[in-house]
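The values are calculated or read from the model by the stated rules, or taken from the named source; none is laboratory data. Treat the numbers as computed from the prediction; the structure is a model and nothing was measured. FYI the Cβ positions are ideal-geometry reconstructions off the backbone, even for glycines, and counts take in every protein chain you see. When the accessible area is computed, the model is the full protein with side chains, heavy atoms only, and any ligands, DNA or RNA have been set aside. Shrake-Rupley method; radii C 1.70, N 1.55, O 1.52, S 1.80 Å.
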Amino acid sequence: MIKKLALASGVLSLVFPTMAFAADEASSQMLNMGLNTLWILIAAILVILMQGGFILLEAGSTRMKNAGHVAGKTIFTIGLCSLVYWAVGYGITFGTDNVENETLSKIIGWGSFFFDPAIAGDPANDNYPTSVFFLFQLAFAAISLSIAWGGFAERAKLSSYLVFTVLFTAVIYPVVAHWIWGGGWLAQDGAQDYAGSTVVHLTGALAAFAATVLLKPRIGKFNRDGSANEILGHNQVFSALSVLLLWVGWFGFNAGSAVSVGDGFFAYVAFNTQLGAAAGAVAALLISWLITGKADITTTLNGALAGLVAITASCAFVDPWAAVVIGLVAGVLVFFSVKLFEKLKVDDPIYALSVHGMAGIWGTLANGIFATQVLADKVGVGQGGLIDTGSWYQLWVQLESVVVCGAYVLGASFLILGVMKLVMGFRVTEEQEIIGLDLSEHGTYGYPEQMKKAQQNL
């Protein structure tokens, strides 16, 4: 019986060879799509879980009386961001209804509003479904938004989070994302930003800068002579745990941007990510120890994050030694930039401007110096940097993307927040700020027992 079946199979394969090959090809394609889909979904989940890191980072870096507010508004804004990105943001970033108008399509995407994967089809040539790509891109938009909240910390009304979430997700973030990731004019110039040093981090940081300038410093941050007072966060262990969560989540952030299992290139991206983060943490600790005589814990934590932010743009374009250099520079840069912003009387409670802004700029520019032609060809974006090719072109494109995107985000953020300040006001009253946002905005405390004890001891 077995011999007969084997003989019949052999005859069929000889008679219908095309059918056999087609079946093998279809099975291989389905397996490839399934693996890609699984990896992108895992990466999206890792990036969404980074929001837990942001909750702990902001809560740990601010005072106990605002901890519940930090946690609650983060969950609320993620939900609102998801709905706005589904309705508008994704379409502005990746919409293709206006591709026939070459000039307009360079500036803004159009179409796929109220995104429906069944209607949208699959632009990935059956490599993965658009539904999982949407989730991955949504996670990036939510991260950029959470970075912006650093400029609002401990002094903004809850209503301002609602309004700015809608406008940031609809008209600020997606425009920058379209320019670099959605086939816009910077993409056509060859701008290299593999996972978002500019698109995600610099965009969020500059929105935070506009907010902190218009909100002005927290009560007690600066003295009349311009000197600064240190307003300590209430839980440094929370801050350290947040960095670990963000560090792990970053593998979804960077390696997930390969959006393919393929030849395993995503593992190389993860490898460079680890080197950049490690170098940033070590450099920040050493420079703080050298300059101040103490190995500052907060600076070390910021150095790790700065290394991660900086390597985000270049993780797929540079050799391992360059990833280490990029991280080392980021760790040193974050130490001095924190001091600079303090001298400029900019109150940045969670150091978003230094970690995500300055390191984001450095990481984007670093591609123009360290990118290799081999890796640029593999990724299919831009060309090698100055060291590998001797050409200044890629560095110029990287500088162009930083300046143009930065100008747009700053202009749009100042305009939106300026109108909000005039129309509705977006800073709480002095009394509300003193008693804390937990009680003034939510009527409860994140730490009810401790706060009640504190009140009884007054």
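Sequence gap at least 6, Cα distance under 8 Å: using those rules, report the relative contact order of the chain to the nearest whole percent.
Details: 836 pairs, mean separation 96.9, N = 458.
Relative CO of the chain lands at 21 percent.
Calculate how steeply helix 320-343 sits against the longest principal axis of the alpha-carbon atoms of the chain, using the helix alpha-carbon long axis, and give the answer as 0 to 90 degrees to the nearest 10. The angle comes out at about 20 degrees.
Karplus-derived 3J(HN,Hα) values for the stretch 400-407, using 6.51 cos²θ - 1.76 cosθ + 1.60 with θ = phi - 60°, are 4, 5, 5, 5, 5, 5, x, 5 Hz; glycine and proline are entered as x. For the peptides 230-243, 302-315, 396-409, residues were scored by their other Cβ atoms within 10 Å and the scores averaged per peptide; the highest-first order is 302-315, 396-409, 230-243.
Taking the accessible area of the chain, probe 1.4 Å, and keeping the other protein chains in place, the carbon and sulfur fraction comes to 69%.
Ordering of 204-212, 94-102, 49-57, 264-272 by packing is 204-212, 49-57, 264-272, 94-102, highest average first (other Cβ atoms within 10 Å, averaged per residue). Rounded to the nearest whole Hz, the Karplus-based 3J(HN,Hα) values (6.51 cos²θ - 1.76 cosθ + 1.60, θ = phi - 60°) of the stretch 230-235 follow the sequence 7, 9, 6, x, 8, 7, with x at glycine and proline. Listed by chain and number, the aspartates and glutamates whose alpha-carbon sits under 16 Å from that of residue 339, ignoring those within fewer than 8 places in the same chain, are 230, 296, 347, 348. My understanding is that a pair violates if its Cα-Cα distance is over 23 Å; which of 106/421; 221/343; 216/421; 73/106 do that in this structure? Over 23 Å apart, Cα to Cα: 106/421; 73/106.
Summed over the residues of the stretch 305-363 and divided among them, the accessible surface reaches 29 Å² per residue at a probe radius of 1.4 Å. The residues of the stretch 208-295 present an accessible area of 47 Å² per residue when probed at 1.4 Å with all protein chains retained. Taking square-rooted eigenvalues a ≥ b ≥ c of the alpha carbon gyration tensor, is the stretch 170-304 rounded, prolate or oblate, where a/c under 1.5 means rounded and, failing that, a/b exceeding b/c means prolate? Oblate shape, in that a/c is at least 1.5 and b/c is the bigger or equal ratio. Taken one residue at a time, the phi angles of the stretch 186-203 give Karplus couplings (6.51, -1.76, 1.60, θ = phi - 60°) of 6, 4, 5, 6, x, 5, 9, 8, 4, 10, x, 4, 8, 4, 9, 7, 5, 4 Hz. Gly and Pro are set to x.
Amide H to amide H, with H built 1.01 Å from N, residue 222 comes under 5 Å of 229, counting only residues 5 or more places away or on other chains.
About the centre of its Cα atoms, the chain shows a dipole size close to 1160 debye [charges on the beta carbon of Lys, Arg (+1) and Asp, Glu (-1) only; nearest 20 debye].
Rounded to the nearest 10 degrees, the angle from helix 236-255 to the longest Cα principal axis of the chain is 20 degrees.
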